[in-house]
Amino acid sequence: VAAQDLPFDHDALAPMDSHFLMMVGDEQMGAMRYAAGIEDGALVVRDRTRMSPNIEETYVLHADPATFAPRALQINFAQGNQSQTVDLSWDEARALGTYVIDDGSGGEPRIVEFDADTGGALARGSLFALARTLPLETGAVYLQPWFSGLTGRIETLRIMVGPAREVETPAGAFNAVPLVFADVTPENVVYVTPGAERRVVRIDVPAMNMRFLLSDEDGPPLPEAG
């Protein structure tokens, strides 16, 4: 299944800038801020996630605004004094760039060149765009090649639409439709409000007992779009 075969409703893709509290069980362990919008002819996705005690990730994706196919991707992931930096760009379906890995030992970082045909796979940062543009018919199933920027692997994503339910968040209660993003690592359940301008209000990561809940508080600063 190619990216352009999915039935996107682009009218639902209004600009967004949302802050989420990260909960592990019943304890707040961090926060995430996610923003997306059209900039200079591209869909630009920017995300910063912080998790206690010492994990931080920034993620910037430039994608085709019609198909969400990736054009460029920058990821910076740090845990303590260990880090990984990803810098990729696409020429059609071919991804080129580098992975820079620092194991925190004080030695020179390891640089890994990346050159691969990603075959129409969408990048993980497209998750919110998919949740806000796919039809929300209960029982619908969508298949899509899926590219993990941190690992460089391609998986086949299966998206399943569930029945609407009430979701409680620090920003209030919402009637939201769950979309299960399955058969990829990690699997997610994304809750999105139906209507003309959809909002993502909750994200579950079941394997980690983790939830991201929409909040009205100020989030961490966004990374630069590059």
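The values are calculated or read from the model by the stated rules, or taken from the named source; none is laboratory data. Everything numeric in this text was worked out from a predicted model, so none of it was measured. FYI the Cβ positions are ideal-geometry reconstructions off the backbone, even for glycines, and counts take in every protein chain you see. Calculation scope for accessible area: heavy atoms of the full protein, side chains included, ligands and nucleic acids excluded. Shrake-Rupley method; radii C 1.70, N 1.55, O 1.52, S 1.80 Å.
For Ala66, the conditions (1) assigned to a strand (DSSP E or B); (2) modelled with pLDDT under 95; (3) not charged (D, E, K, R) are fulfilled apart from (1). Would you mind stating whether Asp40 is in contact with a helix residue (DSSP H, G or I) (Cβ under 8 Å, 6 or more places away or on another chain), open to solvent by 60 Å² or more (accessible area, probe 1.4 Å) and not small (Gly, Ala, Ser)? Spelling it out, it is not the case that Asp40 is in contact with a helix residue (DSSP H, G or I) (Cβ under 8 Å, 6 or more places away or on another chain), open to solvent by 60 Å² or more (accessible area, probe 1.4 Å) and not small (Gly, Ala, Ser). Screening Leu214, Leu134, Leu130 for residues that are under 23 Å from Ile38 (Cα atoms) and modelled with pLDDT of 95 or more leaves exactly one candidate, Leu214.
If I filter the stretch 30-48 for residues that are without any contact (Cβ under 8 Å) to a residue 12 or more places away in the chain and either in contact with a Pro (Cβ under 6 Å, 6 or more places away or on another chain) or at negative phi (or both), do I get at least one hit? Please lay out each step first, then the result.
Residues of the stretch 30-48 without any contact (Cβ under 8 Å) to a residue 12 or more places away in the chain: 40.
If we keep only those that are either in contact with a Pro (Cβ under 6 Å, 6 or more places away or on another chain) or at negative phi (or both) as well, we get none.
No, the stretch 30-48 contains no residue that is without any contact (Cβ under 8 Å) to a residue 12 or more places away in the chain and either in contact with a Pro (Cβ under 6 Å, 6 or more places away or on another chain) or at negative phi (or both).
Checking each residue in the stretch 11-26 for being closer than 15 Å to Ile203 by Cα, among the hydrophobic types (A, V, I, L, M, F, W, C) and open to solvent by less than 20 Å² (accessible area, probe 1.4 Å) picks out Phe20, Leu21, Met22. You will find that of Arg153, Arg110, the residue that is within 17 Å of the chain's Cα centre (by Cα), open to solvent by 40 Å² or more (accessible area, probe 1.4 Å) and charged (D, E, K, R) is Arg153 and no other.
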